[in-house]
1. Of all residues in the range A:35-64, count the ones that are over 22 Å from residue B:14 (Cβ atoms) and either open to solvent by 50 Å² or more (accessible area, probe 1.4 Å) or outside any helix (DSSP H, G or I) (or both).
2. Which of the residues that make up the range B:55-83 are open to solvent by 90 Å² or more (accessible area, probe 1.4 Å) and in contact with a helix residue (DSSP H, G or I) (Cβ under 8 Å, 6 or more places away or on another chain)?
3. Can you list residue pairs whose Cβ atoms sit under 6 Å apart, with the first residue in the range B:44-57 being more than 7 Å from chain A (Cβ to nearest Cβ) and the second being of a type in the set (Ser, Thr, Tyr)? Count only pairs 6 or more apart in sequence or on different chains.
4. Can you tell me which residue among A:67, A:77, A:24 is closer than 30 Å to residue B:51 by Cβ, open to solvent by less than 70 Å² (accessible area, probe 1.4 Å) and either modelled with pLDDT of 85 or more or not β-branched (Val, Ile, Thr) (or both)?
5. Here is a check on your reading of the model: is residue A:5 at the interface with chain B (Cβ under 7 Å from one of its Cβ atoms) and either touching a helix residue (DSSP H, G or I) at 6+ places or on another chain (Cβ under 8 Å) or not in a loop (DSSP other than H, G, I, E, B) (or both)?
Amino acid sequence: MINFLSYALISLGIVFWFWGTWPLIGDRSVLFKLHTLSVADTLGSMSIMVGLLLKIPSEWPLLILALISLAIWNTVLGYVLAYCSSSEANHE
Amino acid sequence: MNWILITMIFALLIPIYEAWQDEDIWQKMLAFASIATKTSVLILVISVLRDDWMIGVVGVIILSVGNASLMLLAQILKRMKNV
């Protein structure tokens, strides 16, 4: 049961990855790509992490650290990239 | 668990392609941020697969330090554009 759950979570994360990374190739604006990418990367990677955590519960400190740094860093990086790219657009 | 690794590498190829073909610097930065996250998660999956926690520690370090360095790089790029 736990094994199945972890595989399901990892597959969900990979589906999220593909869904959010695919618009990167198109010709949309940077902010649109940033939004889908940050949602997909953060949520997908966190779901993969939880799947791994269910698989090997003995190594939880490292995986929890990875989860926390994913959640914090990816949101902060999203804000910083949006700020930097949009203020450049205002100058032009 | 090999198919997981193969599909993850395919997902990793998309931002690599984007970083290669796009000239706009912010699109490149986006692609690099995506590559950093995806590779570190890939490293963690490999460390679980091989049950080797030395690799896992490297993945977690890349996850935190790699994103921080990308943030600093974005700030520097912005300042360089403004000068």
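1. Going through the range A:35-64 one residue at a time, the tally reaches 10.
2. The one that is open to solvent by 90 Å² or more (accessible area, probe 1.4 Å) and in contact with a helix residue (DSSP H, G or I) (Cβ under 8 Å, 6 or more places away or on another chain): B:81.
3. Close Cβ pairs satisfying both conditions: B:55/B:47.
4. The match here is A:67.
5. no
The values are calculated or read from the model by the stated rules, or taken from the named source; none is laboratory data. Please read these numbers as outputs of a predicted model, since none were measured by experiment. Neighbour counts are summed over all protein chains in view; Cβ atoms, including those assigned to glycine, are modelled from backbone coordinates with ideal geometry. Ligands, DNA and RNA are stripped out before the accessible areas are found, and what is left, the full protein with its side chains, is counted by its heavy atoms. Shrake-Rupley method; radii C 1.70, N 1.55, O 1.52, S 1.80 Å.
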